[in-house]
Amino acid sequence: MKQDDHTDEQIRDILSLKKVAVIGISKSSFKAAHFVPKYLADNGYDITPVNPSSDEILGKKCYDSISEIDENVEIVDIFRPSDQVLPFVKEAIKKKPKVIWLQEGIHNSEAEELARKEGIKVVFNRCMLAEHQRLC
């Protein structure tokens, strides 16, 4: 699977944004959907968990959906299978984030195009933890 065509400098700029909503965050410490956001939180990111099956993850209140989050969100980081991404992206667009980040192995052309039409940058098939370690 290919990845987006952002340059390292553009990814560094995106990683300078600190308010991240994580859709599909997991309670299981063995899953990337847990250890990636934990790493980000440990490295200065303000993580907002979004998972309707949990009340709290990483010591933070867990929201059922992104639309329930009151505060501003700069990056929406999505840990959902590619074929399930579209409704999450449609909802995320309403929050007007600067970036929608589809984690490694996730790519949905229709969802990505919708976000870009709204002026939102889209990163796909990349891991925020790996990119942070590589560039920061």
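Since every read-out is calculated from the coordinates, none of them should be taken as a lab result. Remember, predicted model here, so these are calculated numbers, not experimental data. Note: ideal-geometry Cβ built from the backbone for every residue, glycine included; neighbour counts use all protein chains shown.
Of everything in the stretch 61-112, what is within 18 Å of residue 2 (Cβ to Cβ) and either touching a Phe, Trp or Tyr at 6+ places or on another chain (Cβ under 7 Å) or among the β-branched types (Val, Ile, Thr) (or both)? Give them in sequence order. Spell out how you get there, then give the answer.
The first filter runs over the stretch 61-112 and keeps only residues within 18 Å of residue 2 (Cβ to Cβ), leaving 78, 81-83, 85, 100-112.
78, 85, 100, 102, 103, 106, 107, 112 - these are the residues of the stretch 61-112 that are within 18 Å of residue 2 (Cβ to Cβ) and either touching a Phe, Trp or Tyr at 6+ places or on another chain (Cβ under 7 Å) or among the β-branched types (Val, Ile, Thr) (or both).
Go through the residues of the stretch 115-124 one by one and say whether even a single one is within 17 Å of residue 13 (Cα to Cα), of a type in the set (Lys, Arg) and part of a loop (DSSP other than H, G, I, E, B). No: zero hits.
Conditions (1) in contact with an Asp or Glu (Cβ under 8 Å, 6 or more places away or on another chain); (2) surrounded by fewer than 16 Cβ atoms within 10 Å (Cβ to Cβ); (3) part of a helix (DSSP H, G or I); (4) on the phi < 0 side of the Ramachandran plot, marked per residue:
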residue: 11; (1), (2), (3), (4): yes, no, yes, yes
residue: 39; (1), (2), (3), (4): no, no, yes, yes
residue: 48; (1), (2), (3), (4): yes, no, no, yes
residue: 67; (1), (2), (3), (4): yes, yes, yes, yes
residue: 106; (1), (2), (3), (4): no, no, no, yes
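The set of residues in the stretch 40-62 being of a type outside the set (A, V, I, L, M) and within 14 Å of the chain's Cα centre (by Cα) consists of 45, 46, 48, 49, 51.
Restricting attention to the stretch 47-98, the residues being closer than 14 Å to residue 37 by Cβ, among the β-branched types (Val, Ile, Thr) and in contact with a Lys or Arg (Cβ under 9 Å, 6 or more places away or on another chain) number 6.
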